[in-house]
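Below is one structure; the comments refer to it alone.
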Amino acid sequence: MDPTLLSLLEAIPQKPPRSKLETHRELIRQLRRKGCTYRDIVRILHESVGLDVAVSTIHSFVKVRAKHRKQVQYELPPLESESKPISASSDDVTSRIAALRAKPIEQKTRPKHFHFEESEPLKLVGQGGLR
Amino acid sequence: MKTGNTNKRIVFTMGGKGGVGKTGLMVALAEWFEVHEIPFTLLDLDTENKARGSLKHFFNGSVTKVNIHTPAGLDTFIDHLESGTSIILADMGAGSGQVASDWFDAMYEDVSATGARFTAVGVITPDPASVESVLAWANRLQDRVQYVVVQNATSSQSNFSYWDSAEQAIRFRESLSPTVIRMEFRLAELENPARQHGVRLGQVAMRQNSVDELKRASIVMRAESYRRRLFSEFDRAKDVFLP
């Protein structure tokens, strides 16, 4: 990354978590793993921690973080692992170009030798047909 | 995976118009191979054809009945080629054109790369619809197969003017060069009981059947001479029937 941008990034402080559920994140995760419903979690948080939240809040909290986890899974690999060195020897390149030129182009459509229009009736020769 | 299928041929009827004599032709062709002691596999792909008059009716246990109206389509050809048979005779049912066309589009390139060859047999009668049906199939299959067109005389005075003189039929003959053979008109006294009881011409000619009306001397001789002339037509077209 550009050094200017890097220093800009470092200058921006980490924002504190906005959700009041963030401090109970691990508890919620474990409760979900044990099969608790969102309604169960609401009740447990109320009884154990004295925290009152709506069922939909718990649902959104879990959903948003689940999304984040998925994004991490599909994170792009570092740039350096994407490409491998290509031999730049002029002989190799010439032969590769020649091979590419010689490679036949795949025919996508077969040339038709015979065409018959199924919707048209047979025309007898001499009745508006051939000759 | 490419397996060698050189010296293998699939002969199939172009199942367009129903009732033109496709199964009768295939039965006679199977007999021709039998007489020459050339092994073949019979596939009955006509799921609409009732038991009586179907390929299975004439050959019973030696026929494999296959439903081609599945996503696999005609893949059964590949499986039977793999089993070692050099010739497959397949009787396609009426209305199987789209299935065959789709299968050829998807599979032909790879199957033909193994060396297997295809012969499409179209049976025509004086009815112009039978000619249209063959032309419609040819329009789909193009030069991926070799063609045999069988003129099936359904009466003693059959007139094939639509095949002979229709502009489209002429174009087909000029561009795809089908081999044309003739099936003579068969007397009802021979044809009807033979179909009814699933008796082949050879079985009539050699009196190898239990149907009294097919044992009459005149019927036996009719069967013999009819078979001899039809076999000579097959001999003429042998290049497109043999692997």
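Laboratory data are not the source of any read-out in this text; all were calculated from the coordinates shown. For clarity, every value in this text was computed on a predicted model and none was experimentally measured. No Cβ is skipped: glycine too gets one built from the backbone with ideal geometry, and neighbour counts run over all protein chains shown.
Across segment B:61-182, Cα-Cα pairs farther apart than 26 Å form 26% of the total.
Relative contact order of chain B, taken over Cα pairs closer than 8 Å and 6 or more residues apart, is 24 percent. Each residue of segment A:17-28 was assigned a 3J(HN,Hα) from its phi angle through the Karplus curve 6.51 cos²θ - 1.76 cosθ + 1.60 (θ = phi - 60°); the sequence is x, 8, 8, 6, 7, 4, 5, 10, 3, 5, 4, 4 Hz, with glycine and proline shown as x. Once backbone amide H atoms are built at 1.01 Å from N, B:V180 has B:V149 as its partners under 5 Å, excluding neighbours fewer than 5 places away on the same chain. The calculated pair-distance distribution of segment B:1-111 uses every alpha carbon pair, bins of 5 angstrom beginning at 0, and gives 2, 11, 24, 25, 20, 12, 5, 1, 0 percent.
If you wrap a convex hull around the C-alpha atoms of segment B:96-243 and split its volume per residue, what is the figure in Å³?
Working: hull volume 19.7 nm³, N = 148.
In segment B:96-243, the Cα convex hull volume per residue is 133 Å³.
With the convex hull drawn around the C-alpha atoms of segment B:118-198, the volume per residue stands at 96 Å³. Applying the Karplus relation 6.51 cos²θ - 1.76 cosθ + 1.60 with θ = phi - 60° to segment B:67-79 yields 3J(HN,Hα) values of 8, 8, 7, 10, x, 6, x, 9, 4, 4, 4, 4, 4 Hz, where x marks Gly and Pro. Against the empirical 2.2 N^0.38 Å (N residues), the protein assembly as shown has a Cα radius of gyration ratio of 1.67. Note on B:S156 and B:Q98: their simple-model spin labels are 4.4 nm apart, each label 7 Å out from Cα toward Cβ. Put simply, the amide H of B:V123, placed in the peptide plane, has neighbours under 5 Å in B:M14, B:V150, leaving out anything fewer than 5 places away on its chain.
Each Lys and Arg adds +1 at its Cβ and each Asp and Glu adds -1 at its Cβ; summed about the Cα centre, chain B shows a dipole of about 620 debye.
Please report the relative contact order for segment B:110-243, taking Cα pairs under 8 Å with a sequence separation of at least 6, and give it as a percent rounded to a whole number. The partial results should precede the final answer.
Numbers: 157 pairs, mean separation 29.9, N = 134.
Relative contact order, segment B:110-243: 22 percent.
Between A:C36 and B:V35, the distance separating the two model label sites (each 7 Å from Cα on the Cα→Cβ line) works out to 8.8 nm.
Which of B:E224, B:E233, B:E34 moves most in a GNM of chain B, Cα contacts under 10 Å? Maximum among the listed residues: B:E34. Amide H contacts under 5 Å for B:R9: B:I87, B:I88, B:R117, restricted to partners 5 or more places along the chain or on a different chain, H placed in the peptide plane at 1.01 Å from N.
Pairs with C-alpha atoms separated by more than 21 Å, drawn from the list B:K56/B:K215; B:K8/B:K56; B:K22/B:K56; B:K8/B:K238, are B:K56/B:K215; B:K8/B:K56. Size descriptors for segment B:182-231, from the alpha-carbon set: Rg then Dmax equal 9.6, 29 Å.
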